[in-house]
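Notes for the one structure printed next.
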Amino acid sequence: MTDAIADPIVSIAQLEATIGAPPLGVKMKIIDHLDDAAADWIAQSTLAFIGIGKPDGPRITLAGGNPGFARRTDEHTLTIPLEALDDPDLAQPGEGAGVLCLVPGIGETLRANGRVKSRSNAAIEITIEECFIHCAKSLIRSAFWEAQPAQPPADPTAFVNATRFLALATMDKRGLVDISPKGDPASLLIRLDATTATLAERPGNKLAFGYRNIIEQPRAAMLALIPGANTTAHLTGNACLTTDEATRAAFTVEEKTPKLATILENVAPVLRPSPALQRAAPWSDAQPTPTIDPAATFVAHVKLNKEKGVAATMMRLAVNRGLVEAGLKTNYKNELY
């Protein structure tokens with residue numbers, strides 16, 4: 001596939017030369033379990049994107065309901081009832097699983113990755129090996145929580161092109177899955193031309209798990225939505241990263257051009273109503289007021305991180321809520337694009 005794509009990125013060295021490598025502070029926000037802060041996040045979440053690694057590539061679905069529909073069973077186990085899932089038959093024991101949890105009104109998201117541990121007639125259990133807080137840029141750019149009820153286009157291509165928020169599911173050769181949130185104004189996030197979808201890649205935390213997965217194993221899936229509507233678009237295909245100038249220039253915002261783009265080939269979007277979105281009612285005025293403190297959660301995770309060395313020790317000692325909160329505000333203001 002990459003032979004037909006102009007200026008493809010085919011190695012990690014190329015990727016890091018394009019977007020840079022993640023700084024120590026970003027890497028240290030990752031922990032290997034669900035701590036109390038993560039458990040509180042899950043307890044207040046009303047909507048989650050669930051990615052599952054299948055033999056032919058990842059799939060993605062939604063889970064939703066009242067706060068607490070999902071729960072931490074123990075520090076390494078997340079339990080999700082089957083009745084909360086749009087696709088209850090999707091997850092099977094042993095398959096890789098990625099989870100992206102949203103809390104009403106909060107820009108940051110909780111990402112948790114691992115494998116499906118078990119499945120019963122009532123729920124799936126996911127063994128969590130990786131947990132971290134993701135920045136708020138995608139939800140800010142998409143104006144996700146400010147949306148009003150909307151009637152989405154009935155045509156799949158028009159729907160995809162009007163999308164303002166999506167979750168991208170990728171997986172590595174071991175079948176482990178990662179879900180990355182993406183958000184932008186309509187027509188500046190993703191564009192579908194025939195069977196090829198092009199996705200703008202904006203500045204992020206440089207962890208680039210999804211990009212690394214695409215380089216290693218190109219099958220990917222997207223679940224796209226228009227904030228305010230309860231319809232979703234599902235896309236699967238072969239993904240490739242490109243630095244092609246013309247491709248990137250089409251997504252320029254505020255005179256800032258993305259450093260790369262993701263191209264998903266051989267796609268045929270499927271529009272589906274989402275019962276999970278209907279239950280979660282993310283754009284309802286009746287949403288509960290969250291008590292989540294993203295900056296405090298970030299600090300807690302940095303202090304729990306097991307990275308060794310002098311620099312990591314100094315980071316754990318120096319990090320504090322005020323410093324993190326100020327850094328996040330500055331980053332969101334100056335580096336959205």
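The values are calculated or read from the model by the stated rules, or taken from the named source; none is laboratory data. All values reported here derive from a predicted model rather than from experimental measurement. Cβ placement follows ideal geometry from the backbone for every residue including glycine, while neighbour counts extend to all protein chains displayed. Just so you know, the surface numbers come from the protein's heavy atoms only, side chains and all, with ligands and any DNA or RNA stripped out. Shrake-Rupley method; radii C 1.70, N 1.55, O 1.52, S 1.80 Å.
Quick notes on this structure:
- Each principal axis of the Cα cloud of the range 240-337 was taken in turn, and the coordinate range along them, longest first, works out to 49, 43, 28 Å.
- Using only alpha-carbon positions in the range 16-117, the gyration tensor eigenvalues give semi-axes of 23, 19, 14 Å once each is multiplied by 5 and square-rooted (largest first).
- Cross-link pairs exceeding 28 Å in C-alpha to C-alpha distance, out of Lys137/Lys308; Lys29/Lys329; Lys206/Lys306, comprise Lys137/Lys308.
- Estimated D of the range 110-172 in µm² per second, where Rh is the Kirkwood radius over Cα pairs and Stokes-Einstein applies at 37 °C, 0.692 mPa s: 216
- Shape index of the range 107-240: Rg/Rh, with Rg the Cα radius of gyration and Rh the Kirkwood radius from the inverse mean 1/r over Cα pairs, equals 0.97.
- With a Förster radius of 22 Å applied to the beta-carbon distance between Gln287 and Arg321, the computed FRET efficiency rounds to 0.30.
- Count Lys and Arg as plus one, Asp and Glu as minus one, and take only other residues whose Cβ is under 15 Å from that of Val177; the net charge is then +1.
- Within the chain, helix-based [θ] at 222 nm, where runs of 4 or more DSSP H residues each add -39,500 (n - 2.57), nearest 500: -7000 deg cm²/dmol
- Stretchable slack from Asp244 to Ala39, in nm (0.36 nm times residue separation minus alpha-carbon distance): 69.6 nm
- Summing +1 for each Lys or Arg and -1 for each Asp or Glu among the other residues whose beta-carbon sits under 9 angstrom from that of Leu34 gives -3.
- 25 °C / 0.890 mPa s Stokes-Einstein diffusion coefficient of the range 206-296, Kirkwood radius on C-alpha pairs, µm²/s: 151
- Residue among Lys308, Lys206, Lys182 with the largest mean-square fluctuation in a Gaussian network model of the chain, springs linking Cα atoms under 10 Å: Lys308
- Approximating the spin labels as points 7 Å out from Cα along Cα→Cβ, the Ile140-to-Thr252 distance works out to 2.3 nm.
- Where the range 117-253 is the region considered: accessible area per residue in Å², 1.4 Å probe: 35
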